[in-house]
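Visitor: Quick one: structure below, then a few questions.
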Amino acid sequence: MAATAVTVPSSGVPFPVSNTAARRCLLLPSPLPRRALRVVASAATEAPPKPTPPPISPSGIVLVDPAEAQRVHRLKAVYDQKVVPLITEEFGYTNVHQVPKVEKIVVNCGLGAEAGNSKGLEAAMKDLANITGQWPVKTKAKKSVASFKIREGNTIGIAVTLRGRIMYNFLDRIINLGLPRTMDFLGVNPNSFDGHGNYSLGLRDQGVFPEIPYEVGGKKNGMDVCIVTTAKTDNEAFRLLALLGMPFSENIKSDVVIRKKRLKRHHFLSKGKGKGGRK
């Protein structure tokens, strides 16, 4: 019987095999079919990428994921799809760039006596970072005030400026979470516009946000929120925020009532005669 040369795939060197039984004893690995190779290749290409961990600040707070920062927020979609057509038809804008929009939100928090305490300052910065999703900066005094025991350059508070998706995220949360959880809330004041289309409101307690648990002791800090818009008049800014869901109070009149000062007797007396009147 003639010998047959068989090549082992691992070595690549042929060696003779005398009979058929010896050939059957060789357990050579059979190659995979093309279909199986295609399935394995497609499974390897369709494997989901590993999620990148969110950024962590130097103090250990997890901030907004950069991947989520690129997505369109729900409130931004409502503005583009519903608010822009309504406000354009109402005010008769001829260009889409004339439509007012929210430009930025500035959140300011005064610390008072805790400004000189390093632990209190760090705790306040952590709380504001958890609420807004952005690390705040320290605000310092511009001049010295002896009655308040403040020197020029001392830290007196913290502030953060929000733009883009983080701005819409914070505005959505303060409208739908923060304000409704405020005790005895009856709506925000519609007269808090500055005359240039910017709106300001204040919160006495930061515990209305779910990031600040009620079990945390210590002094409760408030904060001031300034919503800066591109509106030219207060009426346009009021309509913009109302369409976005800002709960304005209906019990407070939008027109400012000017109260006349009650005049006393000495106002009617001539100058130089004093309060005693004419004799």
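The values are calculated or read from the model by the stated rules, or taken from the named source; none is laboratory data. Everything numeric in this text was worked out from a predicted model, so none of it was measured. Quick reminder, even Gly has a Cβ in these numbers, built from the backbone with ideal geometry, and neighbours come from all protein chains shown. These accessible areas exclude ligands, DNA and RNA; they are computed on the full protein's heavy atoms, side chains included. Shrake-Rupley method; radii C 1.70, N 1.55, O 1.52, S 1.80 Å.
Visitor: Confirm whether Lys232 is open to solvent by 90 Å² or more (accessible area, probe 1.4 Å), assigned to a loop (DSSP other than H, G, I, E, B) and at pLDDT below 85.
Guide: No; evaluated as a whole, the condition is false for this residue.
Visitor: Out of Ile105, Ile87, which single residue is part of a strand (DSSP E or B) and either at pLDDT 90 or above or touching a helix residue (DSSP H, G or I) at 6+ places or on another chain (Cβ under 9 Å) (or both)?
Guide: Ile105
Visitor: Kindly indicate whether any position in the stretch 191-204 is of a type in the set (D, E, K, R), in a loop (DSSP other than H, G, I, E, B), under 21 Å from Ala124 (Cα atoms) and open to solvent by 40 Å² or more (accessible area, probe 1.4 Å). Walk me through it before giving the result.
Guide: At the first step, the residues of the stretch 191-204 found to be of a type in the set (D, E, K, R) are 194, 204.
In the following step, the residues that additionally are in a loop (DSSP other than H, G, I, E, B) were identified as 194, 204.
After this cut, where a residue has to be under 21 Å from Ala124 (Cα atoms) as well, the list is 204.
If we keep only those that are open to solvent by 40 Å² or more (accessible area, probe 1.4 Å) too, we end up with 204.
Scanning the stretch 191-204 turns up at least one residue that is of a type in the set (D, E, K, R), in a loop (DSSP other than H, G, I, E, B), under 21 Å from Ala124 (Cα atoms) and open to solvent by 40 Å² or more (accessible area, probe 1.4 Å).
Visitor: Determine whether Thr94 is assigned to a strand (DSSP E or B) and without any contact (Cβ under 8 Å) to a residue 40 or more places away in the chain.
Guide: For Thr94, the condition - assigned to a strand (DSSP E or B) and without any contact (Cβ under 8 Å) to a residue 40 or more places away in the chain - is not met.
For every residue, the table says whether it meets (1) of a type in the set (Asp, Glu); (2) farther than 26 Å from Ile87 by Cβ.
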site	(1), (2)
Pro180	no, no
Pro190	no, no
Gly195	no, no
Pro210	no, yes
Asp234	yes, no
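Visitor: Would you point out the residue of the stretch 78-99, among those that are of a type in the set (Ser, Thr, Tyr) and surrounded by 11 or more Cβ atoms within 10 Å (Cβ to Cβ), that is farthest from Met246 (Cα to Cα)?
Guide: Checked the stretch 78-99; the qualifying residue farthest from Met246 (Cα to Cα) is Tyr93.
Visitor: Also, I was wondering about something else. Against the definition (hydrophobic (A, V, I, L, M, F, W, C), open to solvent by 80 Å² or more (accessible area, probe 1.4 Å), modelled with pLDDT under 90 and more than 18 Å from the chain's Cα centre (by Cα)), how does Leu263 come out, yes or no? Break it down into steps so the answer makes sense when it comes.
Guide: Numbers: hydrophobic (A, V, I, L, M, F, W, C): yes; open to solvent by 80 Å² or more (accessible area, probe 1.4 Å): yes; modelled with pLDDT under 90: yes; more than 18 Å from the chain's Cα centre (by Cα): yes.
In short, yes.
Visitor: Quickly run through the stretch 174-184 and pick out the residues that are free of Cβ contacts under 8 Å to residues at least 60 places away in the same chain and either among the β-branched types (Val, Ile, Thr) or within 13 Å of Ile105 (Cα to Cα) (or both).
Guide: Listed by number, the residues that qualify are Ile174, Thr182.
Visitor: Quickly run through the stretch 100-131 and pick out the residues that are of a type in the set (D, E, K, R) and surrounded by 15 or more Cβ atoms within 10 Å (Cβ to Cβ).
Guide: Lys101, Glu114, Lys126, Asp127
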